[in-house]
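Here the structure is laid out as structure tokens; the discussion comes afterwards.
Read-outs: derived from the displayed coordinates by stated rules, not from any lab. Computed from a prediction, not measured in an experiment: that's the story for all the values here. Virtual Cβ from ideal backbone geometry, glycine too; neighbours counted across all protein chains shown.
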Amino acid sequence: MIKRVTLALTLPFAGHVLAEGIILQPPIDCDLSNTCYIQQYVDRDPSEGVTDYQCAGQSYNGHKGTDFALVSIADIEKGIAVFASADGTVEGTRDGMDDVEYNADTADAVKNRECGNGVQINHGQGWVTQYCHLKKGSVIVSKGQAVSAGDTIGQVGMSGRAAFPHVHLSVRKDGKVVDPFDPDGTLTCDEASHQETLWNNAPAYRPGGLISIGFSDHVPTYESIKAGTADMQNFTPSSKNLVVYGFAYGIRQNDVMRLSITGPEGEVIKQDVEMSKSQARSFRAIGKKRRWSLWPTGTYEGSVTLLRDGQTITQRATEVTIR
Ligand SMILES: [Zn+2]
């Protein structure tokens, strides 16, 4: 009897606590397979090259954290909470910087303040986490305050050096960057070595995918897709065009985006678009112009699939009704 009790108490904790000294929970209040996603992991290549912990390219040179991204700029308004990833004490905060898309024109304004509005938490034993790009005016903790894992410390924004809305989580031990997905420091590109993470429940690795899809009556601008305002629902039988678009991340050269629209009388249009280069984020759209007659009334389904080497990475569908 005694033996059984001992086992039950010790086994679930053996891996993480003893080996690494910290357990993290994701720092964002959203569904990582739907309302948000991981845009970039820690760059594990110390040279000019780029590699994430899965030995793929989901990062950029010198990236020192994990980026948990919202699907659109409009979502900043939803006030998505940023959580403390573990118990600790707030070491420093910054707030008051604007949520603006980082580009060459705004670079000077955020120089030496690349993190934007942020929070740094000390967890003891040399462990520190830092949360960047929070929404202006959202930081609700202050220096010296004790926080618990899961406490709200602010909201997701786009301040500092951020080209899209996200929270960047940096994890450091004794001042050195640690990749929470593969904390042992040696990149082996070996599946078995990734079982030991710092997460209490590690987010699944996704090698890219779809951020959003939608319908429009014209080819939408990239600005409107990033903003979250491209998707249209109001179509009539005399709408000029029917366009479906897919907005994707982690794109690799030769990936295929398969887009289609199917209406009440069958297929309207279907096309495979080959991606000509690797890109962190991009969109593609296909559509059909209305000719002489009107669009038949009824339900239209738009479908977008991202394929790599012929295999589906993600597939999404959306609908509009023409009345
Ligand atoms: Zn980042």
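Key figures
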read-out: Helical mean residue ellipticity (222 nm; -39500 (n - 2.57) per DSSP H run of 4+; nearest 500) of the chain; value: -1000 deg cm²/dmol
read-out: Whichever lysines have a C-alpha closer than 24 Å to that of Lys289, once near sequence neighbours (fewer than 8 apart) are set aside; value: Lys240, Lys270
read-out: Exposure proxy ranking, count of Cβ atoms within 10 Å, fewest first, for Met158, Met232; value: Met232, Met158
read-out: Set of lysines near Lys136 by C-alpha distance (under 30 Å), chain-local residues within fewer than 8 positions excluded; value: Lys64, Lys78, Lys111, Lys173, Lys176, Lys226
read-out: About the Cα centre, charge dipole magnitude for the chain (Lys/Arg +1, Asp/Glu -1 at Cβ), debye; value: 640
read-out: Percentage relative contact order, the stretch 209-322, counting C-alpha pairs under 8 Å, at least six apart; value: 31
read-out: Highest-MSF residue in the chain out of Phe235, Phe83, Phe164 [GNM, Cα springs under 10 Å]; value: Phe235
read-out: Ranked His123, His63, His218, His168, criterion: other C-beta atoms within 10 Å, fewest first; value: His218, His63, His123, His168
read-out: Per-residue Cβ neighbour rank within 10 angstrom, fewest leading, Trp292, Trp127, Trp199; value: Trp292, Trp199, Trp127
read-out: Percent RCO, i.e. relative contact order, over the stretch 192-268, from Cα pairs under 8 Å lying at least 6 residues apart; value: 32
read-out: The stretch 18-194, relative contact order [Cα under 8 Å, separation at least 6], %; value: 25
read-out: Mean Cβ neighbour count within 10 Å, used as a protection proxy, ranking 240-252, 91-103 highest first; value: 240-252, 91-103
